[in-house]
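The values are calculated or read from the model by the stated rules, or taken from the named source; none is laboratory data. Bear in mind that the values here come from a model prediction, so they are computed numbers and not experimental data. Every residue, glycine as well, gets a Cβ built from its backbone with ideal geometry; the counts of neighbours run over all protein chains shown. Ligands, DNA and RNA are stripped out before the accessible areas are found, and what is left, the full protein with its side chains, is counted by its heavy atoms. Shrake-Rupley method; radii C 1.70, N 1.55, O 1.52, S 1.80 Å.
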Amino acid sequence: MSEREELDIIELEGEDGAVLKLCVERYFFYNGDEYVLLSDDCGQDDREEISHYVMKVQPLEGEDGEEMEEFVPVDEELMDQLIQVVEASWEEEEE
């Protein structure tokens, strides 16, 4: 099984109300908080332009006591910092 096949796929509602199908690329920590990098490249087609999103992970407890996660958008200033963190970690992995 390839790495792409193992990714979690989630659906979120976009600002315009449209449903976005996103893949979880990786989780990471920054200043003690957990974040997730999502992309719209879930292997459905061969597109040249791929969008990425960074969201904060908020743990929740479901009605049945099951642990769940909610992905919360972050403000633009924090987003810029988080993108730098993700890019730096990719560069370290490539070396």
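Residue by residue, here is whether (1) closer than 15 Å to SER89 by Cα; (2) out of contact with any strand residue (DSSP E or B) (no Cβ under 7 Å at 6 or more places or on another chain); (3) not aromatic (Phe, Trp, Tyr) holds:
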| residue | (1), (2), (3) |
| --- | --- |
| ARG26 | yes, no, yes |
| LEU37 | yes, no, yes |
| VAL54 | yes, no, yes |
| GLU66 | no, yes, yes |
| GLU70 | no, no, yes |
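May I ask you to list pairs of residues, at least six apart or on different chains, whose Cβ atoms are under 7 Å apart, with the first in region 15-31 being under 15 Å from VAL72 (Cα atoms) and the second being open to solvent by 40 Å² or more (accessible area, probe 1.4 Å) and in a loop (DSSP other than H, G, I, E, B)?
VAL24/ASP8
Would you mind stating whether GLU61 is open to solvent by 50 Å² or more (accessible area, probe 1.4 Å), out of contact with any Cys (no Cβ under 7 Å at 6 or more places or on another chain) and modelled with pLDDT of 85 or more?
Working: open to solvent by 50 Å² or more (accessible area, probe 1.4 Å): yes; out of contact with any Cys (no Cβ under 7 Å at 6 or more places or on another chain): yes; modelled with pLDDT of 85 or more: yes.
Considered against the rule, which asks whether it is open to solvent by 50 Å² or more (accessible area, probe 1.4 Å), out of contact with any Cys (no Cβ under 7 Å at 6 or more places or on another chain) and modelled with pLDDT of 85 or more, GLU61 comes out as yes.
Condition first: closer than 14 Å to ILE10 by Cβ, small (Gly, Ala, Ser) and outside any helix (DSSP H, G or I). Can you find one or more residues in region 33-47 that meet it?
yes
Being modelled with pLDDT of 85 or more and either surrounded by 12 or more Cβ atoms within 10 Å (Cβ to Cβ) or touching a strand residue (DSSP E or B) at 6+ places or on another chain (Cβ under 8 Å) (or both), is that true of even one residue in region 85-95?
Looking for residues that are modelled with pLDDT of 85 or more and either surrounded by 12 or more Cβ atoms within 10 Å (Cβ to Cβ) or touching a strand residue (DSSP E or B) at 6+ places or on another chain (Cβ under 8 Å) (or both), one finds at least one in region 85-95, hence yes.
How many residues, within region 32-51, are at pLDDT 85 or above and at positive phi?
Result for region 32-51: 1.
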